[in-house]
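The values are calculated or read from the model by the stated rules, or taken from the named source; none is laboratory data. Predicted model, so just to flag it, every value in this text is computed and none were measured. All Cβ positions, even for glycine, are placed from backbone atoms using ideal geometry, and neighbour counts span all protein chains on display.
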Amino acid sequence: MHQFHYRKGILHCEEVNLQALAEEHGTPLYVYSAQTFRDNYHRLTQALEGLDHQIAYAVKANSNLSVLGLLAELGSGFDIVSGGELFRVIKAGGDPKLCSFAGVGKTAEEISYALEHEIHCFNIESVAELELINKVAEGIGATAPIAVRINPNVDARTHEYISTGKAENKFGIDYAAASEVYQHAANLPHIQIKGVQMHIGSQLTSVTPFVEAVERVIPLVAELKSVHDIEFFSIGGGIGIIYDAALASGQQDWWDQHDEPPLSPVVYANELAPRLQSLGLKILLEPGRYISGNAGVLLTTCLYEKKGHAKTFKIVDAGMNDLIRPALYQGHHEIIPLREDDASTRVTADVVGPICESGDFFCQDRELADFKANDIIALMSAGAYSFTMASNYNSRPLPAEILIEGTQVTVARQRQSWDDLIAPEL
């Protein structure tokens, strides 16, 4: 499932020694495997073979230009949530005509920019947004393609911060109001109805919520096809990944022992494709984490070990500003040493960063390798919602990003300097 493995006792990404890479480029350091991106993309699209579909990668998961360029070469479309993400896709060589613009707070400037680049569609989240898009389109003499995002009121059974398909979430149009909103859209002169969209949440590890949502929305989709001649149905993203798969010392890699994670593309496709096939529409998917999550790691160096009466702390040079998932929504990342032998001794400890916040931790009271000062460790599964959520909090420069292809090492983003931190300030 990913291309990170021990070779001769040292963790490698594809063919590259990560110990040597960290010593050359410093830490904290994000490292991505190009082959893992490709493998995950192909695994999903091949599972859906026979169903007319288009993958629209969720740019918010990992928006590095090198990553977007790699996916554009594979033929991917893109799910964007800002004008800046559309700008990135275009700069990376992606096709704006394969971009769907989601998000509840699109500005007039972003809408105009997207219309100028003839994006595939806007996913409408409210009537007020629909009317603004119509007004902006009128102002530049354009017609805006749209799909209404339907909120099916299905519980995704995921963390509350990444659940998006329930009635109390801010996203989408209530299912009961959808037909009325579509009729309103049909009466707006600068709107072209293109499809239907939904998305119920992220990091789903069971196919059941997907099935519930699709079955609930399919009758509405069929009605809208008949009335408004829609062309596509976007079923969103949300396929989860395994975060706690250990590369344990002396053991075969977890991924070598398991053909598929709990929710595999095959299970996903087998359940959904038969239900969608009869619609006769193009099916859009918007995966982000599934494609990029296990394609990246964050390397960080242990600075100190602090032993107290109650706890042992391993203090590392990465902080919550570099990877906020554990602090924000208790995200789990497996933590392993770059030298396999360092995993032979275990200890229960907190791994914490240098940020002046009690929430600055990567794990708490976890049994892990007893690494020491100057040892380098890897936080696994850091390819999605990791660097894209990083900040300069505590005036800390953003880390570098490296893309690996076999033996080839590409600096996909240079490490920020202190001068870079203050460059925009007057």
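Points to keep in mind about this one:
- Test: residue in region 13-21 that is within 16 Å of the chain's Cα centre (by Cα), of a type in the set (Gly, Ala, Ser) and at pLDDT 95 or above: no
- Close contacts from region 325-343, counting a first residue that is at negative phi and a second that is of a type in the set (A, V, I, L, M) and assigned to a helix (DSSP H, G or I), with Cβ to Cβ under 9 Å and a gap of 6+ residues or different chains, come to Arg325/Met389; Leu328/Met389; Tyr329/Ile162; Ile336/Ala343; Pro337/Ala343; Leu338/Leu18; Leu338/Ala22.
- Cβ pairs under 7 Å, 6+ apart, first in region 133-145 and more than 12 Å from Phe122 (Cβ to Cβ) and assigned by TED's automatic domain parsing to the domain that holds Lys106, second at pLDDT 95 or above and surrounded by fewer than 21 Cβ atoms within 10 Å (Cβ to Cβ): Glu138/His190; Ile140/Ser112
- Criterion: at pLDDT below 95 and farther than 20 Å from Gln3 by Cα - qualifying residue of Lys225, Lys282, Lys307, Lys314: Lys307
- Among the residues making up region 356-398, those that are of a type in the set (Ser, Thr, Tyr) and more than 30 Å from Tyr290 (Cβ to Cβ) are Ser358, Ser395.
- Check on Phe313, crowded, with 20+ Cβ neighbours inside 10 Å, among the aromatic types (Phe, Trp, Tyr) and not assigned by TED's automatic domain parsing to the domain that holds Asn40: no
- Near pairs, Cβ below 8 angstrom, 6+ apart or cross-chain, from region 396-414 (over 15 Å from Asn64 (Cβ atoms)) to any residue that is surrounded by 12 or more Cβ atoms within 10 Å (Cβ to Cβ) and among the basic types (Lys, Arg): Pro397/Arg415
- Where a residue in region 1-23 is without any contact (Cβ under 8 Å) to a residue 24 or more places away in the chain and its partner, wherever it lies, is assigned to a helix (DSSP H, G or I) and not small (Gly, Ala, Ser), with Cβ under 8 Å and at least six apart: His12/Leu18
- Residues that are part of a helix (DSSP H, G or I) and either modelled with pLDDT of 95 or more or under 18 Å from Gln192 (Cβ atoms) (or both), drawn from region 129-169: Glu129, Leu130, Glu131, Leu132, Ile133, Asn134, Lys135, Val136, Ala137, Glu138, Gly139
- When residues in region 335-379 are screened for being assigned to a strand (DSSP E or B), surrounded by fewer than 22 Cβ atoms within 10 Å (Cβ to Cβ) and touching a Pro at 6+ places or on another chain (Cβ under 8 Å), 2 of them pass.
- Unique match (being aliphatic (A, V, I, L, M) and part of a loop (DSSP other than H, G, I, E, B)) among Leu279, Leu272: Leu279
- Qualifying residue in region 299-317 (condition: touching a helix residue (DSSP H, G or I) at 6+ places or on another chain (Cβ under 8 Å) and within 30 Å of Leu44 (Cα to Cα)): yes
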